[in-house]
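Here's the structure we're looking at; comments come further down.
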Amino acid sequence: MAPSRIPDLISKRRVGRVLVSVVNTSRKDPLPTVLHRLGIRHQGGENSTELTADVARELLLTILTKGLAYNDDAMPLAVATELVDTTMSVMFPAGAKLVTNLAGGIDDLRSRSYSLLWVTDATFPVGVVAIGGRSAACLWVEDED
C-alpha cells in the first residue's frame, strides 16, 4: 500500500487524534528530543518500554481499533491493519528500536488497568516510536475523556 493513503486511513478513526510522523534524528538523541521532533508533546521522564515488532503491531492495532477513554469502537480492524502494516513497513526505519510509554503489557491495556511512563497534554496518550540510526517515526494515538 502506498504511503499516500495514510491520511485517508487516519481519517477513519472516529475518536481522538492519530499522529504519524517521520523525522531525521540520531540514536544519540535523548527520547524527549526525539518525541518533540515527532510532534509528541511529551511531559515526564525518559523511561520507555522496548517492544518487539510483533508486540508493537499488536499494540498499535489495539489502540487504533478501540477508544482509549471508553473502549468504544474507534476504527475498523481492516483499516487499522492497513495503517499499521503500511506505517511499520514504509516509515519505521529498518532495524529500529521500538518503544512505547505503556508501562504494562497489551493485556493491561485491554483490561483498562494500565499505567503510563510519561504523558502528553492528552488524557490518554499511547503509541509506538521507532528510533533508527538516522531517523525516527511514530504511530501515536491521543484520546480524551
request  = Mind counting the residues in segment 28-57 that are surrounded by fewer than 16 Cβ atoms within 10 Å (Cβ to Cβ), charged (D, E, K, R) and closer than 23 Å to residue 110 by Cβ?
outcome  = 2
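Filtering segment 109-145 down to residues that are aliphatic (A, V, I, L, M) and part of a loop (DSSP other than H, G, I, E, B), which residue is nearest to residue 52 (Cα to Cα)?
117
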task = All but one of (1) in a strand (DSSP E or B); (2) surrounded by 19 or more Cβ atoms within 10 Å (Cβ to Cβ) hold for residue 60, so report the exception by its number.
result = (1)
remark   = Of (1) aliphatic (A, V, I, L, M); (2) modelled with pLDDT of 95 or more; (3) loosely packed, with under 13 Cβ neighbours inside 10 Å, residue 84 satisfies every one except (3)
query = For segment 72-84, what are the residues that are touching a residue at least 40 places away in the same chain (Cβ under 8 Å), over 13 Å from the mean Cα position of the chain (by Cα) and not in a strand (DSSP E or B)?
reply = 72, 74, 75, 76, 79, 82
inquiry  = If I filter segment 65-76 down to residues being of a type in the set (A, V, I, L, M, F, W, C) and within 11 Å of residue 12 (Cβ to Cβ), which single residue comes out as surrounded by the fewest Cβ atoms within 10 Å (Cβ to Cβ)?
reply    = 74
query = Give me the pairs: first residue in segment 1-22 and closer than 15 Å to residue 60 by Cβ, second residue of a type in the set (A, V, I, L, M) and outside any helix (DSSP H, G or I), beta-carbon distance under 6 Å, and six or more apart or on different chains, which are they?
reply = 6/20; 10/18; 12/75; 13/74; 13/75; 16/141; 18/141; 20/139
ask   = Within segment 1-39, how many residues turn out to be under 20 Å from residue 66 (Cβ atoms) and assigned to a loop (DSSP other than H, G, I, E, B)?
value = 6
key: Index of the failed condition, residue 16 passing every other in (1) farther than 18 Å from residue 131 by Cβ; (2) of a type in the set (Gly, Ala, Ser); (3) exposed (fewer than 13 other Cβ atoms within 10 Å of the Cβ)   = (3)
request  = Report, by residue number, each residue of segment 40-62 that is under 16 Å from residue 137 (Cβ atoms) and touching a residue at least 60 places away in the same chain (Cβ under 8 Å).
outcome  = 40, 42, 48, 51, 56, 59, 60
query = Which of the following residues is farther than 16 Å from residue 131 by Cβ and out of contact with any Pro (no Cβ under 8 Å at 6 or more places or on another chain): 38, 83?
reply = 83
ask   = Does any residue of segment 94-110 turn out to be in contact (Cβ under 8 Å) with a residue 60 or more places away in the chain and out of contact with any strand residue (DSSP E or B) (no Cβ under 7 Å at 6 or more places or on another chain)?
value = no
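The values are calculated or read from the model by the stated rules, or taken from the named source; none is laboratory data. Since we're looking at a predicted model, the values are computed, not measured. Neighbour counts run over all protein chains shown; Cβ positions are idealised from the backbone, glycine included.
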